[in-house]
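What follows is calculated from the coordinates using simple rules that are stated; it is not laboratory data. As the structure is a prediction and not an experimental result, all values here were calculated from the model. No Cβ is skipped: glycine too gets one built from the backbone with ideal geometry, and neighbour counts run over all protein chains shown.
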Amino acid sequence: MKTKLFVLAIGLALCSYSGYSQDYVFKVLANKGDNTYKSASGSWEALKTGTKLVSGDVVKTISGSYLALIHATGKPLELKEAKEYKIDDLNSQMSGGETGIVGKYANFVASKMAPEEREENRKKYASVTGATERGFDQIKVFMKTTADVFNNTAIIRWKPQANAEAYELTLKNIFDDVIMVTETSDNYYKVDFNDSRLKDIDLVIVNVKVKGSKESNSGDYAIQRLNEDDSQKYKSELDELSAALDPNSAINNLILAEFYEQNNLLLDALTSYETAIQKSPDVDYFKDAYTEFLMRNQWSDQISK
């Protein structure tokens, strides 16, 4: 008899877990503006990152606001229109069941941006001065000396130099032949392997210097495109993510950034963080997430936009 009761208890536990094991329907991931929510019998309260929303709750967003929610299945949802939303109505839109890999990386994002995790991140890396791997003071580029990239485009960013009006970038091949020289007034540049000058190059060496200066120089950094065999390691998961995520969504680009970071494709991650900020430039959450990323990788304790 005891054995039967034990088996029944285990079965009930598994059944309850197979549904939403979380104690919420949605959780707030990012919030901008004086957005509020209330339960069926409660009064309006301010929404904050981490707020859990359950069945029967109502969310009210204001004009010009932004709200990113994570469903219990892990599926993200952006709300930009000023109106009242019933959580039960939003829940009914989350068709398709468990999102698997999307939920996995969305939850990574949420955990890294939890206040206690951010505080731990800052304690761990705030004292890092950003010393380069080379041992001397130059223009600091936010990447390792050699970096693999999955995608055909990658943004490289460097620490801005005082009084620099323009930067000169030299791109070379593995034989040290100059492929192209370009200038920018920004402290970032998009390397595009679709460019006719780069499309047949698997490894490009980038050097950044302040225009007109012989002393202010980054040294050489190498960007290596993944070969076909290495790309296949990530393609299956990335295809699943891409099929489920809208590339025009800021929160979805943040989830992609997390995927790349988890797989040590840090230039791809940096590019996705930058894209997320471009999609919602007035939402500090994405800038904060980018800053945390830079700190985790000991590149910088702040970003300059």
On a straight-distance basis, which lysines could pair with LYS104 in a cross-link, Cα separation under 16 angstrom, same-chain partners fewer than 8 positions away excluded? LYS27, LYS75, LYS112
What does the charge dipole of the stretch 146-225 about its Cα centre add up to, to the nearest 20 debye, if the Cβ of each Lys and Arg holds +1 and the Cβ of each Asp and Glu holds -1? 160
Order the peptides 249-262, 175-188, 61-74, 106-119 from the highest to the lowest mean number of other Cβ atoms within 10 Å of their residues. 249-262, 61-74, 106-119, 175-188
Would you work out which of LEU270, LEU256, SER236 lies farthest towards the positive end of the dipole of the stretch 212-279? Charges go on Cβ: Lys and Arg +1, Asp and Glu -1. LEU270
Give me the distance between the Cα centres of the stretch 201-270 and the stretch 40-62, rounded to whole Å. 37
